[in-house]
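The values are calculated or read from the model by the stated rules, or taken from the named source; none is laboratory data. Please read all numbers here as calculations on a predicted model, not as lab measurements. Note that we place each Cβ from the backbone using ideal geometry, even for glycine, and neighbour counts take in every protein chain shown. When the accessible area is computed, the model is the full protein with side chains, heavy atoms only, and any ligands, DNA or RNA have been set aside. Shrake-Rupley method; radii C 1.70, N 1.55, O 1.52, S 1.80 Å.
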Amino acid sequence: MTNWTAIAISSSNIAFIKYWGNRDSQLRIPANGSISMNLDGLTTRTRVSFDPTLSNDRLTLNEQAVSGLPLQRVSVLLERLRAMANIKLFADVQSDNNFPAGVGIASSASAFAALSLAAAAAAGLDLSEKDLSRLGRTGSGSACRSIPGGFVEWQAGQSDNDSYAYSIAPPDYWDLVDCIAIVSENQKSIGSYKGNDLADTSPLQTARVADAPRRLDICRQAILTRDFSTLAEITELDCHLMHAVMMTSAPRLFYWQPTTLDVIHTVIGLRKGGFPVCYTIDAGPNVHCLTPAHSAEKLGTHLLQIQGVTRVLNAHPGGPARLES
Ligand code: DP6
């Protein structure tokens, strides 16, 4: 039996090998596999309540009622879930991020992972990790990687059934810290949801995708052997390849700000001097700087000295999405 209500909490994640571009845009079957680390402490908490008195789904994000595209994306996922559970009830969805709003940290991964788990539980479905990951993927591709814990690989697959994510190492396997240098708090003009569908307009995307299995092997191996310098090289290469595709798409997507480049140069200089640190950047200007935990405090001090870096958020490897009892 279900009382039609459940609450779930899920971490955001940062990709070392990026997802960019879809083989099937509707189902979010990606052009290539990806590898990420969940971000402990940067979470979304979502409450889903199926309610016989509702005549449509309702969404509240950080205490604001929301309609339009975000609500549509939530409803598409809920439709899938209703079909699986064989129910017709609409849902009230209340979702809150614990990380500061508008700092340019993607929340769609943690949001759709938490929504999938909460909605399945509220509908009385006890889905496997694989099936929750598949469900989350249809809301936002990267959400499938926030269902399992720690270091996670999303196997691209070829269909809805074989495109899902699983853990390749638990959170305590390697105490890396993502020190996120916040450069701008402005909303980006084209987010990743629309941007992903532009990837194929770049002549570079084919080469990027063709080389992805090689990068995935190197990255997976670097994590399993805790080899920071190999992880650093492959993470930065993969980031450059994705941004090269973004910059050469039609229309072009150019997410970097002058301070983004200042952070890149600082990180390169530090690593040349023997400091274990590397960077990666998502669809925005902020820079995710990875370093072993023992160097995180010192790195934070360096990053805050860069003019234009307004703050630094730190995240260790995070656990899987979980239900709140
Ligand atoms: C640059 O998962 O946000 O962060 O499926 O369109 O919702 P949609 O896209 P999303 O794209 C993430 C892109 C990225 C790289 C990554 O996280 O792998």
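Quick notes
- Residue check, ALA181 under 26 Å from SER25 (Cα atoms) and surrounded by 22 or more Cβ atoms within 10 Å (Cβ to Cβ): no
- Filtered residues of region 143-187 (kept if within 13 Å of the ligand (Cβ to nearest atom) and among the polar types (S, T, N, Q)): SER146, SER163
- Residue in region 36-46 that is within 13 Å of the ligand (Cβ to nearest atom) and not polar (S, T, N, Q) present: yes
- For region 108-130, a residue qualifies if it is surrounded by fewer than 24 Cβ atoms within 10 Å (Cβ to Cβ) and either assigned to a helix (DSSP H, G or I) or within 13 Å of the ligand (Cβ to nearest atom) (or both), and the qualifying residues are SER108, ALA120, ALA121, GLU129, LYS130.
- Residue that is least open to solvent (accessible area, probe 1.4 Å) [pool: residues in region 188-207 that are within 22 Å of ASN286 (Cβ to Cβ) and more than 8 Å from the ligand (Cβ to nearest atom)]: ALA199
- Some residue of region 164-176 being at pLDDT 95 or above, farther than 30 Å from THR53 by Cβ, of a type in the set (Gly, Ala, Ser) and within 14 Å of the chain's Cα centre (by Cα): yes
- A single member of ARG80, ARG137 is within 25 Å of ALA31 (Cα to Cα) and buried (at least 24 other Cβ atoms within 10 Å of the Cβ), and it is ARG137.
- Taken over region 287-310, the criterion of being open to solvent by 10 Å² or more (accessible area, probe 1.4 Å), touching a helix residue (DSSP H, G or I) at 6+ places or on another chain (Cβ under 8 Å) and outside any helix (DSSP H, G or I) is satisfied by PRO292, ILE306, GLN307, GLY308, VAL309.
- Of note, LEU89 satisfies the criterion of being at pLDDT 95 or above and farther than 25 Å from SER25 by Cβ.
- Pairs where the first residue, in region 261-278, is of a type in the set (Lys, Arg) and the second is open to solvent by less than 50 Å² (accessible area, probe 1.4 Å), C-beta under 7 Å, 6+ apart: ARG271/ALA232; ARG271/VAL277; ARG271/CYS278
- The sole residue among SER95, SER133, SER159 that is of a type in the set (Ser, Thr, Tyr) and either in a helix (DSSP H, G or I) or free of Cβ contacts under 8 Å to residues at least 40 places away in the same chain (or both) is SER133.
- Every pair of residues 6+ apart whose Cβ atoms lie under 9 Å, when the first sits in region 247-259 and is free of Cβ contacts under 8 Å to residues at least 12 places away in the same chain and surrounded by 14 or more Cβ atoms within 10 Å (Cβ to Cβ) while the second is hydroxyl-bearing (Ser, Thr, Tyr) and not in a loop (DSSP other than H, G, I, E, B): none
- As a summary of the residue check, ALA222 satisfies the conditions (1) surrounded by 18 or more Cβ atoms within 10 Å (Cβ to Cβ); (2) touching a residue at least 40 places away in the same chain (Cβ under 8 Å); (3) over 26 Å from GLY308 (Cα atoms) except for the one numbered (2).
- Among the criteria (1) within 20 Å of the chain's Cα centre (by Cα); (2) at pLDDT 95 or above, the one ALA283 does not fulfil is (2).
- Residues in region 6-31 that are over 21 Å from HIS316 (Cβ atoms), crowded, with 24+ Cβ neighbours inside 10 Å and either assigned by TED's automatic domain parsing to the domain that holds ASP197 or more than 9 Å from the ligand (Cβ to nearest atom) (or both): GLY21 only.
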